[in-house]
1. Hull surface divided by four, with the convex hull built on the Cα atoms of the chain: how many nm²?
2. What ranking of Arg109, Arg10 emerges when the number of other C-beta atoms within 10 Å of each C-beta is taken as an exposure proxy, fewest first?
3. Let's test the formula: R0 of 30 Å, r as the Cβ-Cβ distance of Ala35 and Arg109. What FRET efficiency results, to the nearest 0.05?
4. May I ask for the angle, rounded to the nearest 10°, between helix 165-175 and the longest principal axis of the chain, with both axes built from Cα atoms and the value confined to 0 to 90°?
5. For the stretch 83-205, what is the convex hull (Cα atoms) projected area averaged across all directions, in square nanometres?
6. Could you tell me, in Å, what Rg and Dmax come out for the Cα atoms of the stretch 137-182?
7. Could you name the lysines whose alpha carbon sits less than 22 Å from that of Lys179, not counting residues in the same chain fewer than 8 places away?
8. Would you kindly compute the Cα radius of gyration of the stretch 1-78 and its largest Cα-Cα separation (Dmax), both in Å?
Amino acid sequence: MPPRPTSKLRLTVEGSDDMHAVIQLLRRHGVDWDAERPAAPYVEAAGSVEKVLESLPAGARSYERYGIVLDADTEPNNRWEQVRGRLAKIGLAAPDAPAQEGTILQGLRPNYRIGVWVMPDNHESGILEDFLAKLVPSEDRCWPHAQAATAMARTLGATLADKDVSKGNIHAWLAWQEKPGLPFGTALTAHVLGHDAPEALRFVAWFKRLFLDEISAA
């Protein structure tokens, strides 16, 4: 059965899109969410980036292995300082910048771990949709057209904000598939989106180090 809310392993993400995308990407890489004795974490959607940040101190205290996934948005340095500030309040020192391969820290108790992944790649500004854009097949000729069409729509009066352009791009592209407008998780399950871009491989490796590796291998 899937992990239960009582699990000592917990991954907190911003929203339901993030939750389903993460789960289905990891399924593509062999993570078994339905194992009889699950080693995968319970995944919860907090509802906003602010709530993910709010969850961090309590999560670090409560779970043997706790991870968060949140968007950098337009100011990745500010986002990381928010993470560092929450950890500092409970006596944990985070590095000056997130590790490109995903940050993992020793937790408050022996054998506890805390992990942070800042979308899209722990370095650039952006959001989940920028990460998913890397999973569009490289040979797809409609992807550049989706980007151009979104840009053209804005010149014609579309009120899409600058910060949401990547959302417009990916949703336009998904609207042109055999089954138009698939949710992100379903697009991964249906192999409409790929799963082996470098960013995806780094994310999967971070997840496995955080939740699936033995403590002695840390």
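Please treat every number below as a calculation from the coordinates, not as lab data. A quick note: this is a predicted structure, and the numbers were derived from the prediction, not measured. Here the Cβ is made from the backbone with ideal geometry for all residues, glycine too, and neighbour counts use every protein chain on show.
1. Projected area, direction-averaged: 12.4 nm².
2. Going from least to most buried by this count: Arg109, Arg10.
3. 0.75
4. 70
5. 9.7
6. 10.7, 30
7. Cross-link targets: Lys134, Lys167.
8. Spelled out, the Cα radius of gyration and Dmax of the stretch 1-78 are 12.9, 41 Å.
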